[in-house]
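Just below is one structure, and these are the notes that go with it.
Just so it is clear, none of the values below were taken in a lab; they were calculated from the coordinates. This is a predicted model, so every value here is computed, not measured. Positions of Cβ are generated from backbone atoms using ideal geometry, with glycine treated the same way; all protein chains shown enter the neighbour counts.
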Amino acid sequence: MPRELDLSKLSQFEPDRKRSPEPQRAPVGAQRHVAAPKPEDHPWPSREPMVDGQISIKAPQHVLARFKKLCKEDRRTYADMLEILMNEFDRRAG
């Protein structure tokens, strides 16, 4: 006959409610960089669907080549570089 399951050992896996992690704040004046979340920040992938969009940009070849070269040299995706450029534009305009 099988043994009865001992469920009392499951309590060791409950989260510790006594200590809550303090949110980390960036130092004043620190630049904000776009980076992928660290594994320790999110130990499991999100179950929310990814919300991506797509655009097509028509531009002269030399402009597109320059943008692609910039992304490749900085090892960024096109979306990351576009966001960096827009943030810098907003910073200078505002």
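Laid out as a table, the results:
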| item | result |
| --- | --- |
| Cα→Cβ-extended label distance, 7 Å offset, between LEU7 and GLU83, nm | 4.3 |
| Neighbour cut-off at most 11 other Cβ (10 Å), DSSP loop, trypsin sites (Lys or Arg not before Pro), segment 55-94 | LYS58, ARG75 |
| Spacing of the two label points (7 Å from each Cα toward its C-beta) at LEU70 and ARG91, in nm | 1.4 |
